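The values are calculated or read from the model by the stated rules, or taken from the named source; none is laboratory data. Computed from a prediction, not measured in an experiment: that's the story for all the values here. Because the Cβ atoms are built from the backbone with ideal geometry, glycine has one as well, and the counts that use them run over all protein chains shown.
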Amino acid sequence: MGSLKTEPWELAAAKKRESLAASIPPEWRAPKTLLPPDSQDDVTTWPETSGWFTAEELAITDSTAAELIAKLASGELKSVDVTTAFCKRAVAAHQLTNCLSETCFDRALATARARDEHLARTGRPVGPFHGLPISLKDNFHLKGLDATVGFTSHIGNPSDTDAALAALLEDAGAVFYVKTNVPTAMMIAESVNNVFGRTVNPRNRNLTSGGSSGGESALIAMKGSPLGIGTDIGKWLSPHPRRLHRHLHPPPFLRSLPDPRLPLRHAYETARELGTHEMWQLHIERTAYQKRYLDRWNEAGIDAILCPTTPFASVRNGDYKHVGYTGVYNVLDYSCVSFPTGLSADESLDVLLDSHGTPLGPDCEAVNAQYDPSAVHGMPISLQLVARRLEEEKAIAMVGRVLEVL
């Protein structure tokens, strides 16, 4: 019986990146001579100044989803033209931020043509998203595409069907064209993994685009998508990697070293599954915490909490550590809306004040030490509004009032 051979993960990942690059038509790939230098931090204005896009393509990709939907439904714009423009701009966004994980351009153009033909034949749009290109986070399944969520072990395992949400959106007229990068397992706050590498923040490529929907945030910030579908259990900003690919090659004497798997195997042998009773004890502990928080909320008589999502406007790549502003509301299962304020960080104003006094604890001390106002100068400031459970509509309405004031 022969042994099962598997290729090194580095090779599998490299092949996957090559496959992604090969899926991009050459005519949509901006030549390197037009691209900004790696030393340029902010690349958000490059599409308008590069000369790579036509005036029509810029007009389309500068439009909001609502504006595009109205023009697509009336026939003023063709879905093929809109889809092509966003495909091309998404490619440029990927070249500058490494935000994509999958493409399905052939499917997109075929769907767009079908939308145009339906409107011409019936005079009616397919649905509320008629002909609108929509980007999807990598974890959403699309038939024929991988959903690796950053694991090399998931490479080459394409989905047999579309995800339920994708099917609903397509029935409503949507056109899918790209999927976007995520952290490994979508479990950290920066979009970096062993398959595709790190996604960077187009506003400052030294800073993170966040996670786990960091690929979506970078793509939308570059106007490579009019509407993106992500998932959110925490916070997300927008990222930048070190563009130097570092490889650790195993030295010749590696085989003489002890196998690190053996002590791990012994540790796993003593591990056990969490029993039903222990699981329910955790549920009881969580529910008790939720009850204490609800009691304090009711005593205060407040409608909402307005607070940050992160300690800083953004974070340098690889430095995202503090999730306290969002993690607590995951435990509480509260309704939260994150939103841009329209304000930006200013290093001359946003200095660390000595009047803050003694740090409240190790986390507070670490956050204070990490803060660098010059690193986030000019970055947009976002906040979150928190309401109680099952108050999503109320939270959205209150955010509307906050934005009116701002």
(request) May I ask you to say which residue of 85, 12, 59 is in contact with a helix residue (DSSP H, G or I) (Cβ under 9 Å, 6 or more places away or on another chain), at pLDDT 95 or above and within 30 Å of residue 151 (Cα to Cα)? (result) 12
(message) Under 6 Å between Cβ atoms, which residue pairs at least 6 apart in sequence (or on different chains) link something in segment 100-114 that is in contact (Cβ under 8 Å) with a residue 12 or more places away in the chain with a partner that is in a helix (DSSP H, G or I)?
(response) 100/94; 105/87; 108/83; 112/79; 112/80; 112/83; 113/80
(request) Any chance you could count how many residues in segment 41-78 are surrounded by 13 or more Cβ atoms within 10 Å (Cβ to Cβ) and farther than 22 Å from residue 177 by Cβ? (result) 2
(request) Output the residue which, of all residues in segment 115-146 that are touching a strand residue (DSSP E or B) at 6+ places or on another chain (Cβ under 6 Å) and free of Cβ contacts under 8 Å to residues at least 40 places away in the same chain, is surrounded by the most Cβ atoms within 10 Å (Cβ to Cβ). (result) 141
(request) Would you check which residues across segment 319-365 are assigned to a helix (DSSP H, G or I), touching a residue at least 40 places away in the same chain (Cβ under 8 Å) and among the polar types (S, T, N, Q) and list them? (result) 326, 330
(request) Of all residues in segment 60-93, count the ones that are under 22 Å from the mean Cα position of the chain (by Cα) and free of Cβ contacts under 8 Å to residues at least 40 places away in the same chain. (result) 2
(request) Could you tell me which of the residues 404, 392 is out of contact with any Ser or Thr (no Cβ under 8 Å at 6 or more places or on another chain) and loosely packed, with under 15 Cβ neighbours inside 10 Å? (result) 404
(message) Could you check segment 373-406 and list, in sequence order, the residues that are more than 22 Å from residue 339 (Cβ to Cβ) and touching a residue at least 60 places away in the same chain (Cβ under 8 Å)?
(response) 375
(request) Report yes if some residue within segment 147-158 is in a helix (DSSP H, G or I), at pLDDT 95 or above and out of contact with any Lys or Arg (no Cβ under 9 Å at 6 or more places or on another chain); otherwise report no. (result) yes
